[in-house]
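> Submitted below is the structure of interest, expressed as structure tokens.
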Amino acid sequence: MNATGSRSDQPNGTVLSADELSLLRAVQDRLVPGDGQMPPAHATGAAIAVDTYLAERTDLRTPILGALRAITIATAVHDPAHAGFAHLDGASQDAILHEVEASEPVWFDCLLVQTYTGYYTDPSVQAEIGVPSPLQPAGYASMMQATFDERRLDRVRATARPWREA
Amino acid sequence: MTDQADVLVIGAGASGAAVAWALARAGRKVVILEQGDWIDPSTYPQHRSDWERFRQTTFNRDPNVRKLPEDYPVDVTDSPIDPLMFNAVGGSTIHWTGHIPRFRPSDFRVKTLDGVADDWPLDYWELEPYYDANDAYIGVTGLNGDPSNPPRTPRTFEPPALGATGEAYVRGLEKLGWHWWPSDAALITRPHGTGRLGCNGCGPCDIGCPIGAMSSAHVTYVPDAIRHGATLITRARVRELVLDDRGLVAGAAYYDREGHLQVQRARVTVLGANGIGTPRLLLNSKSARFPTGMANSSDQVGRNFMFHPVAIVRGVFEEHLNSHQGPVGALINSQEFYETDPARGALRGYQLQLVRDSQPVETALGRGPGRRLPWGKGHHEAHRKEFSHGLTIVVMAEDLPEAHNRVTLSTTSTDAHGIPAAKLSYTLSQNSRALLDHGIARATELLKASGAHTVTHDRLTRVAGWHLMGTTRMGTDPSNSVVNRWGRAHDVGNLFIVDGSIFVTSAPVNPTTTIQALARRTADWLVEHFEEVAG
Ligand SMILES: Cc1cc2nc3c(=O)[nH]c(=O)nc-3n(C[C@H](O)[C@H](O)[C@H](O)COP(=O)(O)OP(=O)(O)OC[C@H]3O[C@@H](n4cnc5c(N)ncnc54)[C@H](O)[C@@H]3O)c2cc1C
Ligand code: SF4
């Protein structure tokens, strides 16, 4: 990923199949929907980010692939027409996610953690919430240049608890 | 077998680097063995947009999470707190937040004043010049004149303005009439030293400072020690110390970068491997003379382990506080509850380290399952209300030494070289519990006085084992201590220890400035007495 643009236009991932990736995008849109200026997850690189994490961290594979599988199974139960999670209405999607959250809390939590991580490390999201992307070299330089007003300490100087001589 | 050094230093962290620098500067031939590598400044996460994800992996503070080849596991099944550290050139100061209050005089006289633990075999005034020299050398930001502490020399740089975050704290502190003072911070606000830039307030110092503004060992003592002629060997993991037939330490056996076993000989060996790494190394150095580990005739190696038990108390405010901006750990320190007050139902005291708050991902994750911000429709609203609207107070209690809190060797796990890992057995004492409970109530009161509409807390924060102390403690009696007042092992005359292991008590403050002052004091003594003690 480069430092300036959103990752949403990047090619498909290496661990997740195209079907898994599109399921993940649909799931993430329920976890982090758009709201005002804040983009929905699918408009960011959150899904590709999770795929990258899966490529780098084998410890994430069981929980995240497990969560996606559990969502697929729960969808099949709720959706005899087999339209797939992405085609259900929002209320049905949320019901499925709540169900998986309750039945597979550890896997679901892992999926949520990595979704939030992918979402809030996307430059487009950082720009919306006012965080430099990346943090360096700019930082928040001006705050370090304003000088401290020592008069603020007048009361403390006058009333401080003494240290014990020893 | 390599050339004999005058001094072998094990560990290039806060203490090892300071002692190596002082001895190299005095003309001694110094070799440093460090199991980690240099961190290339261009690889710090803050240079990337997705920096926050590295908190979960390679820049995590917990070796059991990172699991890098240079890390060693610590078995924490018997500890409610996880020990945190980093294994690289610079050691744990790669991750520290540079909050550097000093001990007070009373911290060296705990037995005399409060009837518990032990007195140190030295006092504050003996250490004071080393505190001052260390501050002046590494570069610190702060304000001298705090009447609640002994006077100190002018700080290198003045603290920045309070900003919205500091103003919110001060609002409450002034209402309550409590002590506060801008934190003494081991960081620079303008360029200082070689290639170090002034802090630009980017925020997450706890994953390392990419511009050298934090006064960590790898940008201060280590490069200077090398300039003075010290040899640093990285990716050199010490397996054990080697004893000669006179009962002196002859050097150390270590695995080099290629995994070959080497021996570095030295006339004096100094350990700076931290409060867990040092006892681990001694316990792994068994011989006919020391069947339970080197320098362990007292059976004190590994015992009396102290953390600073921590409870995090967090307040959420209506106003936007910019609290994700600025060096996260160094803002304001309140020492209102520092000294013993019997009314608290506990001996000794605690500090309130008033710090900044979470970054975007951290905010969403909300410090652990059950605290995640809700997903779905309400998510953004919740994030908007929390992000940069929080203040975090670290209630940091003094821990007292207890023999049963100890580091031993793991019988089930090893590091990548097959060396037994460390096991930590620790229980929180009733005294520490009482101090934390008192601190949680006071921190809550402060946040409310500052205007927080919601205050939450951890009773005991698990991922807060930043400070590792006490496992080879100092003392005058060789039957209940490991080193003498100079950090010299009672049992082995040319073996010295300079890290937090030698602490007798922990005081309620971050330890590193005290660790470095002690290391420099030991170095000065060694320079003067080298021929008397060297093998
Ligand atoms: C996240 C975090 C925040 C912190 N914040 C603060 C703070 O604000 N203020 C403060 O005062 N302190 C803070 N600390 C603590 C501070 O970092 C330590 O007190 C300090 O670094 C300890 O110095 P040391 O030399 O004892 O050990 P370390 O700095 O840990 O260095 C030990 C070195 O020894 C090496 N080593 C160990 N075993 C071997 C071996 N067998 N062979 C070769 N090398 C070995 C390690 O790789 C390591 O580099 C913080 C720590 C962490 C983790
Ligand atoms: S806030 Fe300052 S000291 Fe901390 S990492 Fe950023 S630049 Fe370095």
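> Considering just Cα atoms, how many Å³ per residue does the convex hull of region B:190-314 enclose? Don't skip to the end; give the middle numbers.
On the way: hull volume 20.8 nm³, N = 125.
In region B:190-314, the Cα hull volume divided by residue count equals 166 Å³.
> Can you give the average number of partner chain beta-carbon atoms within 10 Å of each beta-carbon in peptide B:330-342, as a whole number?
Numbers: counts 0, 0, 0, 0, 1, 3, 2, 1, 3, 4, 1, 0, 0.
That average works out to 1.
> Say a paramagnetic label sat at a point 7 Å from the Cα of residue B:416, along Cα to Cβ; which residues of region B:42-81 have their backbone N under 11 Å from it?
Only B:67-72 fall inside the zone, counting backbone N under 11 Å.
> Out of the trypsin sites (Lys or Arg not before Pro) in region B:222-265, which ones are loop residues according to DSSP with at most 13 other C-beta atoms within 10 Å?
Sites meeting the loop and neighbour criteria: B:246, B:257.
> I would also like to ask the following. How compact and how long is region A:18-131, expressed as Rg and Dmax of its alpha-carbon atoms in Å?
Rg then Dmax for region A:18-131, in Å: 13.8, 45.
> I'd like the per residue volume of the convex hull spanned by the Cα atoms of the protein assembly as shown, given in cubic angstrom. Don't jump to the answer; show the numbers that get you there.
Values: hull volume 103.8 nm³, N = 701.
Hull volume over Cα atoms, normalised by residue count, gives 148 Å³.
> Apply 1/(1 + (r/R0)^6) to the Cβ-Cβ distance of residue B:529 and residue A:55, taking R0 = 56 Å, and write down the FRET efficiency to the nearest 0.05.
The value I calculate is 0.50.
> Taking 0.36 nm per residue of separation and subtracting the Cα-Cα distance, what length does fully extending residue A:79 through residue A:128 add? Provide the component values of the computation, followed by the final result.
Working: separation 49, 0.36 × 49 = 17.64 nm, distance 3.65 nm.
Length gained, residue A:79 through residue A:128: 14.0 nm.
> Continuing with this model, one more query. Can you give me the solvent accessible area of residue A:58 with a 1.4 Å probe, rounded to the nearest 10 Å²?
It works out to around 100 Å².
> Here's a follow-up. Return the percentage of antiparallel bridges among DSSP beta bridges fully within chain B, rounded to the nearest 5 %. List each step's numbers first, then the result.
On the way: 46 of 67 bridges.
In chain B, DSSP labels about 70 percent of beta bridges as antiparallel.
> Could you derive backbone 3J(HN,Hα) for region A:19-29 from the dihedral phi with the Karplus parameters 6.51, -1.76 and 1.60 (θ = phi - 60°), listing whole Hz in sequence and x where the residue is Gly or Pro?
5, 5, 5, 6, 4, 4, 4, 5, 5, 4, 5
> Run the helix sum for chain A: -39,500 (n - 2.57) per DSSP H stretch of 4+ residues, divided by residue count, reported at 222 nm to the nearest 500 deg cm²/dmol. Walk me through the intermediate numbers first.
Numbers: 8 runs with 91 residues, N = 166.
Using -39500 (n - 2.57) per qualifying helix, the result is -17000 deg cm²/dmol.
> Here's a follow-up. What translational diffusion coefficient, to the nearest whole µm²/s, does region A:102-150 have by Stokes-Einstein, given a Kirkwood radius computed over alpha-carbon pairs, a temperature of 20 °C and 1.002 mPa s viscosity?
Details: Rh = 13.7 Å.
Answer from the Stokes-Einstein relation: 157 µm²/s.
> State the antiparallel share, in %, of DSSP beta bridges confined to the protein assembly as shown, rounding to the nearest 5.
Values: 48 of 69 bridges.
Here the share of antiparallel DSSP bridges comes out near 70 percent.
> Considering Cα pairs under 8 angstrom that are at least six residues apart, work out the relative contact order of chain A and quote it in whole percent. Each step should come with its number before you reach the end.
Working: 158 pairs, mean separation 43.0, N = 166.
Averaging sequence separation for qualifying contacts and normalising by length gives 26 percent for chain A.
> Take the Cα radius of gyration of chain B and divide it by 2.2 N^0.38 Å, with N its residue count; two decimals is plenty.
Details: Rg = 22.1 Å, N = 535, 2.2 N^0.38 = 23.9 Å.
Output field value: 0.92.
> OK, next. Residue separation times 0.36 nm, minus the C-alpha to C-alpha distance between residue A:91 and residue A:103: what's the value? Mind showing how you got there, number by number?
Numbers: separation 12, 0.36 × 12 = 4.32 nm, distance 1.84 nm.
Full extension from residue A:91 to residue A:103 adds 2.5 nm.
> Also, I was wondering about something else. Partner chain Cβ atoms within 10 Å, averaged over the residues of A:109-119 - can you pull that number for me?
Mean shielding count: 5.
> Taking a quarter of the surface of the convex hull around the Cα atoms of region B:346-499, what do you get in nm²?
Details: hull surface 55.2 nm².
That works out to 13.8 nm².
> Counting helices only, and only those DSSP H runs with n ≥ 4, report the 222 nm mean residue ellipticity of chain B as the sum of -39,500 (n - 2.57) divided by its residues, in deg cm²/dmol to the nearest 500.
Numbers: 11 runs with 124 residues, N = 535.
Per the formula, -7000 deg cm²/dmol.
> Which value does Rg/Rh take for region B:438-487 over its C-alpha atoms, Rh per Kirkwood? Can you show the working numbers first?
Details: Rg = 19.3 Å, Rh = 14.6 Å.
We get a ratio of 1.33 for region B:438-487.
> Between exposed GluC sites (Glu not before Pro) in chain B, where DSSP calls loop and at most 12 other Cβ atoms lie within 10 Å, what's the longest gap?
The reported range is B:1-257.
The values are calculated or read from the model by the stated rules, or taken from the named source; none is laboratory data. Since we're looking at a predicted model, the values are computed, not measured. Ideal geometry is used to build each Cβ from the backbone, glycine not excepted, and the neighbour counts take in all protein chains shown. Side chains are part of the model used for accessible areas, which takes the heavy atoms of the whole protein and leaves out ligands, DNA and RNA. Shrake-Rupley method; radii C 1.70, N 1.55, O 1.52, S 1.80 Å.
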